[in-house]
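Heads up: the structure comes next, in structure tokens.
The values are calculated or read from the model by the stated rules, or taken from the named source; none is laboratory data. Note that the structure is predicted; figures quoted are calculated from it, not measured. When we count neighbours, we look across all protein chains shown, and the Cβ atoms used for this are built from the backbone with ideal geometry, even at glycine. Just so you know, the surface numbers come from the protein's heavy atoms only, side chains and all, with ligands and any DNA or RNA stripped out. Shrake-Rupley method; radii C 1.70, N 1.55, O 1.52, S 1.80 Å.
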Amino acid sequence: MLTEQEILEIEQELKHFPTRRSGCIEALKVVQSHRGWISDESILDIAHLLGMTPAELDQVATFYNLIFRQPVGKHVILVCDSVCCWLTGQETILDYLKKKLGIEPGQTTSDGLFTLLPTVCLGHCDQAPVMMLDGEVIGNLTKQKIDEVLDKLQTYDGTSVDS
């Protein structure tokens with residue numbers, strides 16, 4: 001069941017769209033911002049609120065790679081695997097992240113802090129290789145830069161990433 005706060009925020013977002021259905025991505029983002037991901041129950045509730053079928057809304061939710069249909073960690077790392085990133089060392093970067101976090105792409109660390117996901121393109125080819133961490137694009141990646149970013153994150157919220 002959607003909370004009163006989620007419904008209020010969704011209704012605010014819907015004011016910017018010509019129809020309720022056209023605000024479906026924003027509605028999904030609102031619920032995800034509160035819960036971290038979109039469950040089947042959330043799909044049913046949001047679809048009902050927007051006047052859509054659950055199947056229609058699920059098609060939208062599964063199309064967009066920034067809508068998570070299963071639980072993710074506190075921090076989501078999306079690693080671009082486009083041609084530009086691949087040509088500039090994406091495989092080395094991905095291998096380093098896998099080793100550092102102790103997980104494979106599509107997995108979440110056992111402490112629930114990090115989820116590592118590949119993504120087709122982040123649209124920052126001029127900064128390849130690139131990753132997105134919690135919505136922030138970080139380009140020109142090196143092992144050192146990854147260490148700096150994750151160490152900075154550790155300083156802010158007390159998470160621990162083995163070096």
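Here the simple spin-label model places points 7 Å from the Cα toward Cβ, and for Phe63 and His34 these points are separated by 2.5 nm. For segment 1-58, the gyration tensor built on C-alpha atoms gives an oblate shape. Its axis ratio a/c (a ≥ b ≥ c) is at least 1.5, and a/b is not larger than b/c. Between Met1 and Val83, the distance separating the two model label sites (each 7 Å from Cα on the Cα→Cβ line) works out to 5.2 nm. What you get for segment 75-157, charging only the Cβ of Lys and Arg (+1) and of Asp and Glu (-1), is a dipole of about 140 debye around the Cα centre.
Solvent-accessible area assigned to carbon and sulfur over the chain amounts to 54 percent, based on a 1.4 Å probe.
If you bin all the Cα-Cα distances of segment 50-161 at 10 Å, starting from zero, the percentages per bin are 14, 44, 29, 10, 3. For Asp95, neighbours were defined as the other residues whose beta-carbon sits under 14 Å from its Cβ, and their charges (Lys and Arg +1, Asp and Glu -1) total +1. Taking only Cα atoms, what is the 0 to 90° angle, nearest 10, from helix 24-35's long axis to the longest principal axis of the chain? Roughly 70 degrees, rounded to the nearest 10.
Projecting the Cα positions of Gln90, Thr3, Ser33 onto the charge dipole of the chain (unit charges on Cβ atoms of Lys, Arg, Asp and Glu, taken about the Cα centre) puts Gln90 furthest along the positive direction. Contour minus end-to-end for Gln107 and Glu136, with contour as 0.36 nm per residue of separation and end-to-end as the Cα-Cα distance? This chain segment gains 8.4 nm when fully extended.
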